[in-house]
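Novice: To start, I am sharing the structure in question, which I have written as structure tokens.
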Amino acid sequence: MFKLITLEDTIRIPPETFGKPLEAVGHEQVRAKYEGVVDEELGYVIAVTQVNVSQIGKIIPGDGATYHKVAFSLLTFYPKIQEIVEGEVVEIADFGAFVRIGPIDALLHVSQLIDDFISYDEKQGVLLGKETKKKLMSGDQVRVRITAVSLGRAGSSGKIGVTARQPFLGKLEWIDHDVQKLKEASEKKPLEKAEAAKK
């Protein structure tokens, strides 16, 4: 789930940037500290927006820099367990597929793809269902449910596990096919009831 979070912090304005616009320098300092960070509370920090730097700063003895309070907004992606997301398959391997959801790739293990025996065709880069003949390859759009989230410690990019083995999950073409079959079945029932009533 994408979120816009407002935070406050104190930033260091280095002496070599004195004379430059305070807002621009402050924005760069906040970006350097927060963008690309993976945090257990914030999730994946994608971008820093709306930075407001206090004009009044403090000087600490022994440091030529000034320290200013800053209020800013962060665009973050925080995956939640049981959340349903859509993404693109970016890589296929013999053990599953990697699905790009937000700024990270989640693992869709072969055991979580479909209720069928799955074989891997390395030459074509395809996962293929034995009975259903369903294929999954790079570039396919899928809808999945997040089943595991591990954001990890500082410096780690974290891991996300997803499943498509539930109704109306999987490759979008498969979902459309299932919905069409349900529509056809629901349209048949009133006709069958009408036929039965005539007898």
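Novice: With +1 on the Cβ of every Lys and Arg and -1 on the Cβ of every Asp and Glu, and nothing else charged, how large is the dipole of the chain about its Cα centre, in debye rounded to the nearest 20?
Specialist: Computed about the Cα centre, the dipole is about 620 debye.
Novice: Quick one: which of 139-151, 123-135 comes out on top by average Cβ neighbours within 10 Å, and what's the full order, highest first?
Specialist: 139-151, 123-135
Novice: Taking the Cα centre as origin and putting +1 on Lys and Arg beta-carbons and -1 on Asp and Glu beta-carbons, what dipole magnitude results for segment 84-185, to the nearest 20 debye?
Specialist: 240 debye
Novice: What is the chain's relative contact order, in percent, from Cα pairs under 8 angstrom and six or more apart in sequence?
Specialist: 18 percent
Novice: Oh, and also: Mind sorting out which of (i) 30, 18, 16; (ii) 22, 21, 17; (iii) 51, 21, 12 is the real semi-axes √(5λ) of the Cα gyration tensor in Å computed from the coordinates?
Specialist: Of the listed options (i) 30, 18, 16; (ii) 22, 21, 17; (iii) 51, 21, 12, (iii) comes from this structure.
Novice: Which residue, ALA71, THR49, PRO167, has the largest displacement toward the positive end of the dipole of the chain when charges sit on each Cβ (Lys, Arg +1; Asp, Glu -1)?
Specialist: Projecting each Cα onto the dipole axis, the largest value belongs to PRO167.
Novice: For SER119 and GLU173, calculate 0.36 nm times their separation in residues minus their Cα-Cα distance, and state this gained length in nm to one decimal.
Specialist: Once the chain is fully extended between SER119 and GLU173, it gains 17.5 nm.
Novice: Something else now. Rounded to the nearest 500, what is the chain's calculated 222 nm mean residue ellipticity when only DSSP H runs of at least 4 contribute -39500 (n - 2.57) each, over all residues?
Specialist: For the chain, the value works out to -7000 deg cm²/dmol.
Novice: How much of the DSSP beta bridge set in the chain is antiparallel, as a percent to the nearest 5?
Specialist: Close to 95 percent.
Novice: Follow-up question, since we're still on this one. Output the 0 to 90 degree angle, nearest 10, between the alpha-carbon long axis of helix 172-198 and the longest principal axis computed from the alpha carbons of the chain.
Specialist: With both axes taken from Cα atoms, the answer is about 40 degrees.
Novice: Relative to the longest principal axis of the C-alpha atoms of the chain, give the angle of the C-alpha long axis of helix 22-34, reported between 0 and 90° and rounded to the nearest 10°.
Specialist: Approximately 50 degrees, to the nearest 10.
Novice: Taking R0 as 22 Å, what's the FRET efficiency between ARG31 and SER150 from their Cβ-Cβ distance, rounded to 0.05?
Specialist: 0.25
Novice: Pop a pseudo-label 7 angstrom from the Cα along the beta-carbon direction at both ALA24 and SER54 and give the gap in nm to one decimal.
Specialist: Inter-label distance under the simple model: 2.5 nm.
Just so you know, all these numbers are worked out from the coordinates, no wet-lab data involved. For clarity, every value in this text was computed on a predicted model and none was experimentally measured. With ideal geometry, Cβ positions are generated from the backbone for all residues, glycine too; neighbour counts draw on all protein chains shown.
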